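The numbers here are math on the coordinates, done by the rules we state, and not lab data. Bear in mind the structure is a predicted one, so any value in this text is a computation, not a measurement. Counting neighbours? That spans all protein chains shown, and the Cβs are built from the backbone with ideal geometry, glycine included.
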Amino acid sequence: MAEGIPGETTRSTENHGILRRTASMIPLSVWLIVPVEIILIFLLIAPSLISIWLSLVSWQPTFGIGILAAKFIWFKNYIELFTDSRFLWAFFRTFYITATCVFLEFLIGLGLALLVEKTLPLRKLLILILILPMMFPPLVTGNSFFMLFVSEGPINRIITLVLGIPFKFDWLSSPTYAIYPIMIGEIWQWYPLMFLIMVSGLRGLPPNQLHAADVLGASRWDLFWRIKLPLLKPIILIAIVIRAMEVIKLFDLIYIMTRGGPGTATENINLYMYKIGLKDYRFSYVSAGAWLVLIASVIIFVYLLKPLLHKVGESDPRTEEAK
Amino acid sequence: METRPYGINDWARTVVLILISIVMVFPVYWMVMTAIKPLDEWLKYPPVWFTLRPTLDCFRSILGVLDKPIDFGNPGQAAAVPAILKGLFVSVSATFISMGAGSMAAYSISRFRIGGNFLPLFILSARMFPPIAVVLPLLVMYSNVGAIDSYWGLIVAYAGFTLPFSVWMMKSFIDDVPRAIEEAAIIEGMGNFEVFYKVTLPIVKTGILVTALFIFILNWSEFLVAFTMCYDRVETAPVFLASLFSAVCGTLYGPQAAMGLIIVIPVVIFGYLIQEHLARGFTFGALKR
Amino acid sequence: MGIKLQLNNLIKVFGNLVAVNELCIDILDGEFVSIVGPSGCGKTTTLNMLAGVLEPTSGSIILDGIEINSLPARKRDIGLIFQDYAIFDKMDVYENLAFSLRTKKTPKEQIDRTVRSVAETFNLTGILHNDPSFLNPGDLQRVAIARTVITEPSVFLLDEPLDNLDANMRVTMRGELKRLQKDLGKTMIYVTHDQEEAMSLADRVVVMNNGKLQQFDTPKEIYDHPVNKVVAGFIGNLPMNFIDSQLRDESGKLILTDSSQSFHLDISSHRKVIEESHCGETLCLGVRPEHISAEPSKEHDSPFKAVVYNLEILGAENVIEFYMKEKPDIIHRMIAPPEFVPKVNDTISIHFHPDKIYLIDPGTGNVLRQ
């Protein structure tokens, strides 16, 4: 039953107006997605089209003209971006932050998941505590970490106590190091998600394969590297892609901790677009930048997801039904 | 899992985890402490690990409770309550819209496979756009209809951004319902929409609740869009928090922490309520516990 | 042949359920032992405890004189083949076979040689680099067995290995397994719920029910002399018929009959054992379908009247379902030669051979032995 039975049953259509009759000719399956389609058209398609247009013209709201009256300049914006060092720095900084944070979140998440794999005392309570950071709105996390890393803050004090020498470093004003509290905040915020995903993944492993490996003489090391990890690969891949998609969009944390500063030292692409777009009003320029980022992200994700897509195609439930 | 008494190995792991938990909870602890510290202890160095003079002044100042007005020098600082209410209004409304549209679409995708592989992935791709990139064209669009700094403008935007979650999560829940139940209802003469409304939806009640709470949390926590598209009238809770930095009097740690806590508490409560389904939510239905 | 494996008072409890209850068996070196019983009788749990996958609640397992219950699975000299084969589906067949050798850090050339030679023995050379997700159950099973054989364990455990195969494959593989065991000369413990399989393959059979050992003996002994009603009813291609009956003393002869007097069996020869059992006047009479005859013969006694309920024509023989007069709800079975084709609802005369009947104490369920 791949297609539903057309909307209404043909009970008494004679007396209904033309609207009703048209409605019953369109299957229910289409009606159900109309609201979503409307929203998507307004919030996805229209903005995308406008954005593409903006990137190909020269326009700012301060020009005082409608966007359709803007001068068409082909790919000048894009070319200019390639020589804009601030943009390029923001661009690469974004991917640097993404790669580092996702990787570390993954390590911590996996490590913790392995620790709670078997029963242990207080397991449920510990898991509840460990996932707490994920519940925080990112802005509040940013606020919290801002307070932690301030010169007079507890982090500096702890380091002083540990190192034995006075350590009072203004983390968030340092061009080289301000990025670290931000990344630590991001990792703190989201490692619980990786943790939950890994716990779920480990739980879903086929127990008999694990037992078989045991009986065949595998050590715990072997068991992990040669059996569990390969079985977890698809889940790990999904988790990494989903997280990466979100870290690329990182804004709240950086805004509240450093505003992208000092100067432009912690600017990622979103901060850049915010400042250039909404402070300098260079809408066209920024739109082009956004498209560059999107294209780069899509390329990376498709590359990462390729092995998964093969497997999904093989076990498509519809082809199973057809058999 | 085997039921056997805990061995030394197990206790060792618990100890390690307790230590890790302490480290992870520390930022929260610090925030709570800051929110109840008196003004002179905010920036004291060495920091006050545990205040002996807890006070609710920070909360009072932002909530505008006037029996003991504490002015930290920030005009407009007592606007927490309006911000919270506006945030609630926007979040709840957007959740309703997103859930309504999303559930219907999810049903169509799950049962009728509408749009094949393309439509669901297209909806998912909405999450790939950096919000800023969408905000700029939205501002252009909204300015033409006067929707900037408007409630409906923000609500519609939020609904759109959370659609991928509502569609994919509900699809995942609906997929779990065996088709046989629906087919039996159809054989008994129910129209297709009736089946959706009277048969399927009640079965996925929990799924609806979970997805709705999840989306509410996302809306409530959202900052960027509210910040950029509204400047005066529509101030949501996170935006208000950000405003507690002022050029005039520097950073108001205490009130910030207090507001942070206020924002966080509903989220934490709801989050724990749906914690079983968090993995499913964030992976768009790919992983079910 | 010395004792290879000893299970002493093995107990496994899951919460409120006693899955294995004081199991004591001694298995000899090179023996092929089946563990058989209805689902839930504890046979797979026992196997898992032997392999080290489960820890016993109490009791001990002794292999070659050494107690192994506290040893982890990988340190035991035991191989286990799972019901679902548990092939590592992220590796090809070659890697599956090589797995145990790699964990021992065997040099590459040796791994290659061993894997290829074992693959040849099990006819796996052609599919050595195939993805296990695309193999059929027969191939998968051979991979599972080969994978275990490579580790050269001194005891093989098999958990319902033929369950996933279709009927024809099952019969073929049965023979191959028996052959394999003889070739390897190793002790093999084989769990199944199929009593025919258990009986045909094993040197000795363990019958379990509700976690308890019922009988541990050769197939012939179990068939000829089942120890209680459970064993008697479980073993045998068609289940044994059980008839509730009463004892009568008639003119010096001990007669067994039922409430409606539809049969009349002289069991004076069993008098001694009956008196010793103190079971009173009611007995349960057990007789196998293959021991009921429609033809009178010198050895057989007085005929019983039975009404035909159903007739199954199998080609080499016929199976007749019948009931005793006035007890139409209890259906019994007999095996008859292909020429005997009564109609449904016909009344027929049948005979029980008094030497081939089993007298069962209705209270304890034990079979009274001469």
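Can you tell me the 0 to 90 degree angle between the C-alpha axis of helix B:131-145 and the longest principal axis of chain B, rounded to 10?
The two axes meet at around 80 degrees.
Give me the compactness ratio for the protein assembly as shown, meaning the Cα radius of gyration over 2.2 N^0.38 Å.
1.26
Using DSSP, restrict attention to beta bridges with both residues in chain C and report what percent are antiparallel, rounded to the nearest 5.
Just about 75 percent of them are antiparallel.
Compute the relative contact order of the stretch C:27-154 as a whole-number percentage, counting only Cα pairs closer than 8 Å that sit 6 or more residues apart in sequence.
26 percent
What helices does chain A hold that run 24 Å or longer along their axis, going by alpha-carbon atoms, with a Kyte-Doolittle average of 1.6 or more, using DSSP H for the helix calls?
A:229-247
Amide H to amide H under 5 Å from B:LEU252: which residues, 5+ apart in sequence or cross-chain, H placed 1.01 Å off N in plane?
Correct list: B:SER246.
Name the residues of the stretch C:120-162 whose amide N is less than 13 Å from a point 7 angstrom out from the Cα of C:THR172 along the C-beta direction?
C:123, C:136-142
Using Cα positions and a limit of under 16 Å, work out the lysines in reach of C:LYS12, with same-chain residues fewer than 8 apart set aside.
Filter leaves C:LYS43, C:LYS212.
Averaged across B:266-278, how many Cβ atoms of other chains sit within 10 Å of each residue's Cβ atom?
Shielding by partners across B:266-278 averages 3.
If I take every Cα pair under 8 Å that is 6 or more residues apart in the stretch C:1-76, average their sequence separation and divide by the length, what percent do I get for the relative contact order?
About 35 percent, as a whole number.
Quick test of the membrane-span-like rule: which DSSP H helices of chain C reach at least 24 Å along their long axis (C-alpha atoms) with mean Kyte hydropathy at least -1.0?
C:167-184
Among B:LYS44, C:LYS305, which comes first, then next, by fewest other beta-carbon atoms within 10 Å?
So the ranking, lowest neighbour count to highest, is B:LYS44, C:LYS305.
What ³J(HN,Hα) values, in whole Hz, does the Karplus curve 6.51 cos²θ - 1.76 cosθ + 1.60 give for the stretch B:217-231 when θ = phi - 60°, with x put for Gly and Pro?
4, 4, 5, 4, 7, 5, 10, 3, 5, 4, 5, 7, 9, 9, 10
Taking each residue of B:226-233 in turn, how many C-beta atoms of other protein chains fall within 10 Å of its C-beta, and what is the average?
Average per residue, whole number: 1.
Can you tell me the order of A:131-138, B:51-58 when each peptide is scored by its average per-residue count of other Cβ atoms within 10 angstrom, highest first?
A:131-138, B:51-58
For the protein assembly as shown, what is the calculated [θ] at 222 nm in deg cm²/dmol (nearest 500), taking -39500 (n - 2.57) for each run of four or more DSSP H residues and dividing by its residue count?
-15500 deg cm²/dmol
Principal axes first, then extents: for the Cα atoms of chain A, list largest minus smallest coordinate on each axis, whole Å, largest first.
That gives 88, 69, 34 Å along the principal axes, largest extent first.
How far, in degrees from 0 to 90, does helix B:253-273 lean away from the longest principal axis of the Cα atoms of chain B, to the nearest 10?
Between the helix axis and the principal axis of chain B, the angle is about 30 degrees.
Taking a threshold of 28 Å on the Cα-Cα distance, which of the pairs B:LYS288/C:LYS104; A:LYS76/A:LYS249; C:LYS229/C:LYS343 fall above it?
Long pairs (Cα-Cα over 28 Å): B:LYS288/C:LYS104; C:LYS229/C:LYS343.
Output the 0 to 90 degree angle, nearest 10, between the alpha-carbon long axis of helix B:8-36 and the longest principal axis computed from the alpha carbons of chain B.
Long axis of B:8-36 versus the principal axis of chain B: about 60 degrees.
Pick from B:ASP232, B:ASP40, B:ASP175: which residue has the top mean-square fluctuation in a GNM of chain B where Cα pairs under 10 Å get a spring?
B:ASP40
When DSSP beta bridges are limited to those with both residues in the protein assembly as shown, what percentage is antiparallel, rounded to the nearest 5?
DSSP beta bridges in the protein assembly as shown are roughly 80 percent antiparallel.
Rounded to the nearest 20 debye, what is the charge dipole size of chain A about its Cα centre when +1 sits on each Lys and Arg Cβ and -1 on each Asp and Glu Cβ?
Dipole size: approximately 280 debye.
Among the lysines, which have Cα under 16 Å from the Cα of B:LYS205 when same-chain residues fewer than 8 positions away are ignored?
Straight-distance partners of B:LYS205: B:LYS171.
Identify all aspartates and glutamates with a Cα-Cα distance to C:LYS325 below 20 Å; exclude those on the same chain that are fewer than 8 residues away in sequence.
Of all the aspartates and glutamates, those that pass the test against C:LYS325 - Cα under 20 Å, at least 8 places apart if same chain - are C:ASP244, C:ASP258, C:ASP266, C:GLU295, C:ASP301, C:ASP346.
If the elastic network links every pair of Cα atoms under 10 Å, which of C:LEU47, C:LEU128, C:LEU213 fluctuates the most in the Gaussian network model of chain C?
Its mean-square fluctuation being the largest, the pick is C:LEU128.
Taking the Cα centre as origin and putting +1 on Lys and Arg beta-carbons and -1 on Asp and Glu beta-carbons, what dipole magnitude results for the protein assembly as shown, to the nearest 20 debye?
3600 debye
Over the stretch C:241-360, what is the relative contact order in percent, taking alpha-carbon pairs closer than 8 angstrom and at least six residues apart?
29 percent
What is the mean number of Cβ atoms from other protein chains located within 10 Å of the Cβ atom of each residue in peptide A:42-53, rounded to a whole number?
6
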